[in-house]
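Before any comments, here is the structure.
The values are calculated or read from the model by the stated rules, or taken from the named source; none is laboratory data. Please read all numbers here as calculations on a predicted model, not as lab measurements. Here Cβ is always computed from backbone atoms with ideal geometry, including for glycine, and neighbour counts include all displayed protein chains. Keep in mind that these areas ignore ligands, DNA and RNA; they rest on the heavy atoms of the full protein, side chains included. Shrake-Rupley method; radii C 1.70, N 1.55, O 1.52, S 1.80 Å.
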Amino acid sequence: MNLISFKIVAYITILLWLTGCFFLLFNHKIKNGNQIGKIITFSGILFIIAFVVFLWINLERPPLRTIGETRLWYSVLLPLIGFFIFTKWNYKWLLYYSISIAIIFLIINLANPQNFDKNLMPALQSIWFVPHVIAYMIAYALLGVCMAIAIWGLYLHKFKSFKYELLNKADNLVLMGFSFLTIGLLLGALWAKIAWGHYWSWDPKETWALLTWLNFIFYLHFRFYHKQKIVIPLWTLIVGFILLMFCWIGINYLPVSKNSIHTYSFILIFTYLNSIKTKEKP
Amino acid sequence: MTYNKKSIWQYPWGYRESFIIASGLLILGLVMNYFIKFSNLTISWPINIWFGFFFIIILLFSQILFKKKSFVKWLSSTPAAISAIITFSFLVLLMGLIPQKNENVNSIIFKSGLTEITNSLMYVFILIYLLTTLGMVILRRSFPFKNKNIAFFINHFGLWVILFTSALGAGDFQRIKITVNKINPIYSGINQKGIFISDLGIAIQLNDFLIEEYTPKAYIINGTTGDILNQKNIILEKGNKLKVLDWEIEVLDFYEYAAYNDSIYYAIYDIGATPAAFIKVTQVNTKTIKTGWVSCGSFKYPGNYLLLNNNQLLVMAEPEAKKYSSDIKIYTKKGEIFNKSIEVNKPASVNGYKIYQIDYDHKRGKWSEISVLELVKDPWLHGVYIGIFMLIAGAVYMFWISNKKLN
């Protein structure tokens, strides 16, 4: 596995997505524009899924260890969910949003090339690894879509007319995203008992994951009891997304993360140079 | 805003009263923590079981006897629930921002309990507030029980069970670190609070400690700054040939076990042996060729690097561990002897302990003669598991509902 193939895959995927979106955008001027656009966009998604499968086989380990690898998963799952919702509810803007975020994430990965390393530390060699991380990635993608809905909703509320239908749809997606978030959190707790001896250690990553979870608990309760309120639930979705992004990526920049056991970068030891390096930011 | 019309503290209580009470509990906890010195707030057996028992009794009785009282009604109301969620989230946020277990004893932050929030009075008060409001709403919606409330019950009661059992069980949780060796059985250790435990009830001796390692890698580093310059992996497998930066690198030979003598490495399986690789490097532009040994070295033999040019070195990093495990012999007081093998992610259970592989002597690496283990006892674990499985069931149900709605 090397970098060159990822570069090519990323460029082709981005090209397919942009072309697909172009057809969808100008469907009134192009014959069968919608159909062609859908097919091209979806083939972009299939193409990158195939790459993840290929990567998994080639690395002989789940490609879920580094932040870069999880970003790759996000670039697969978000367009997949965006595409699904687009075909279901005909929210074209949501597809554009999810494709744009996915492209940004692919570009971030292109700008920070990392060597796909076959090595997997003992702590991650567990049957819990894949379900725990994938549940989280699905939750993050669904809740990422909710944030787009929230921004759209705030825009409509401020400048146009807001329909409660939008919040009801957000509820539905939050419920789905929250169920994955809960499962990811609890699988993590069960795994932690086996790997670290305790199901909950108040590790910085756990603390921020709990905070994200509580945020959506607040959302669900608030929506349940105050169906007429618009601004507070929409803002809660945005805050929720900021929290989850922080939990996923931002936490590495906090002083509290210094004593985190939740970081999976390899520590390189050059004994005779008296030097220790961290190979990659997880 | 209808509730603004009624004066404060007039029933039914709304958000204003709920948030005043919740933040009052926070401030009370903070102030008490500052003035009174608490070393440990967890309660252990048998006090915790009595505390838990009375807590449940109080909740049950207030629901049965004073169901109609405004105060009891308020406890299971939405404003109370939301104020509890928000204040609890606030404490979690503080935990996420302030490094916990900071030993700077003189700071105000430390004295107020903010560096060890889970062991502070604010946390205890807010947790009790959360458990009370959550408990009361569960009781209110469960009697009489309606089938449509089943999802509500699983989710809320599951969370309540987790919070309740983990809080009560915290005092009985024991985590004891012991360092075992091959020479004599060890029966004492140090627990998570730094207290020496003289008799574990079992004794453990190390039969064997094994490490499997990945093939070591080489890195091109800047000699002055120590920065790693290469993106591509340079795996030190014999015959591996690749172009990295301006260098054509070829691994001519690789010994997993080598000794060093007279500036060369030769293959030998000996305690303290180090991996070593013989490398040929060709400068791409000038075609100048360099050959030499690289090795990470061990506690016994020196390491070596290859100088590529004025500021670039080719160095070998210590091999990364793929797997490490301990074969141990466990003696119980009854005279039983067990042999167990434990590794990371595969603990063993003996006499109510779960035994975990934690660490080894990194200086000696694969020649480590000791193994660091952790013995964990958590008698309340099953309670927490019941709660976790209820919540998982609730989440699956939630997914099913949302999926149905979507279609």
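Can you name every residue in the stretch B:171-187 that is within 27 Å of B:Ile386 (Cα to Cα) and either open to solvent by less than 40 Å² (accessible area, probe 1.4 Å) or without any contact (Cβ under 8 Å) to a residue 24 or more places away in the chain (or both)?
Listed by number, the residues that qualify are B:Gly171, B:Asp172, B:Phe173, B:Ile176.
Please state which of the following conditions A:Pro63 fails to meet, knowing it meets all the rest: (1) under 24 Å from A:Leu187 (Cα atoms); (2) open to solvent by 10 Å² or more (accessible area, probe 1.4 Å); (3) in contact with a Leu (Cβ under 9 Å, 6 or more places away or on another chain).
Tallying (1) under 24 Å from A:Leu187 (Cα atoms); (2) open to solvent by 10 Å² or more (accessible area, probe 1.4 Å); (3) in contact with a Leu (Cβ under 9 Å, 6 or more places away or on another chain), A:Pro63 fails exactly one: (2).
Working carefully through the options B:Ser83, B:Ser76, B:Ser62, find the one that is over 26 Å from A:Trp202 (Cβ atoms) and within 14 Å of chain A (Cβ to nearest Cβ).
Testing whether each residue is over 26 Å from A:Trp202 (Cβ atoms) and within 14 Å of chain A (Cβ to nearest Cβ) leaves just B:Ser76.
Name the residue that is farthest from B:Pro185 (Cα to Cα), counting only residues in the stretch B:381-401 that are away from chain A (no Cβ under 11 Å) and in contact (Cβ under 8 Å) with a residue 24 or more places away in the chain.
Among those residues, the one meeting the criterion is B:Ile386.
Would you confirm whether any residue within the stretch B:326-335 is open to solvent by 20 Å² or more (accessible area, probe 1.4 Å), more than 8 Å from chain A (Cβ to nearest Cβ), free of Cβ contacts under 8 Å to residues at least 12 places away in the same chain and in a loop (DSSP other than H, G, I, E, B)?
For the stretch B:326-335, residues open to solvent by 20 Å² or more (accessible area, probe 1.4 Å), more than 8 Å from chain A (Cβ to nearest Cβ), free of Cβ contacts under 8 Å to residues at least 12 places away in the same chain and in a loop (DSSP other than H, G, I, E, B): present.
Condition first: open to solvent by 20 Å² or more (accessible area, probe 1.4 Å) and within 7 Å of another protein chain (Cβ to nearest Cβ). Now tell me which residues in the stretch B:87-96 satisfy that.
Selection gives B:Ser89, B:Leu93.
Give the number of residues within the stretch A:77-106 that are open to solvent by 10 Å² or more (accessible area, probe 1.4 Å) and without any contact (Cβ under 8 Å) to a residue 60 or more places away in the chain.
12
Using beta carbons and a limit of 9 Å, which pairs, at least six apart or on different chains, have the first residue in the stretch A:110-133 and within 7 Å of chain B (Cβ to nearest Cβ) and free of Cβ contacts under 8 Å to residues at least 60 places away in the same chain and the second one buried (at least 20 other Cβ atoms within 10 Å of the Cβ) and polar (S, T, N, Q)?
Note: pairs meeting the criteria are A:Pro122/B:Asn345; A:Pro122/B:Gln357; A:Gln125/B:Asn345.
Cβ-Cβ below 6 Å, separation at least six or inter-chain, first residue in the stretch B:361-372 and farther than 13 Å from B:Leu206 by Cβ, second among the hydrophobic types (A, V, I, L, M, F, W, C): which pairs?
Matching pairs, first to second residue: B:Lys363/B:Phe299; B:Arg364/B:Phe299; B:Lys366/B:Ile211; B:Trp367/B:Ile271.
When you look at B:Lys404, is it open to solvent by 50 Å² or more (accessible area, probe 1.4 Å), at the interface with chain A (Cβ under 9 Å from one of its Cβ atoms) and among the charged types (D, E, K, R), yes or no?
When the stated conditions are applied, B:Lys404 does not pass them.
Regarding the stretch B:198-207, can at least one residue be identified that is open to solvent by 20 Å² or more (accessible area, probe 1.4 Å), within 12 Å of chain A (Cβ to nearest Cβ) and either closer than 30 Å to B:Leu131 by Cα or in a strand (DSSP E or B) (or both)?
The answer is no; no qualifying residue exists.
Would you point out the residue of the stretch A:149-165, among those that are under 24 Å from A:Leu80 (Cα atoms) and either open to solvent by 10 Å² or more (accessible area, probe 1.4 Å) or among the acidic types (Asp, Glu) (or both), that is nearest to the chain's Cα centre (by Cα)?
A:Ile151
Identify, from the list B:Ile190, B:Ile211, the residue that is buried (at least 16 other Cβ atoms within 10 Å of the Cβ), part of a strand (DSSP E or B) and of a type outside the set (S, T, N, Q).
B:Ile211
Can B:Tyr269 be described as at pLDDT below 95, under 26 Å from B:Tyr324 (Cα atoms) and within 14 Å of chain A (Cβ to nearest Cβ)?
No, not satisfied.
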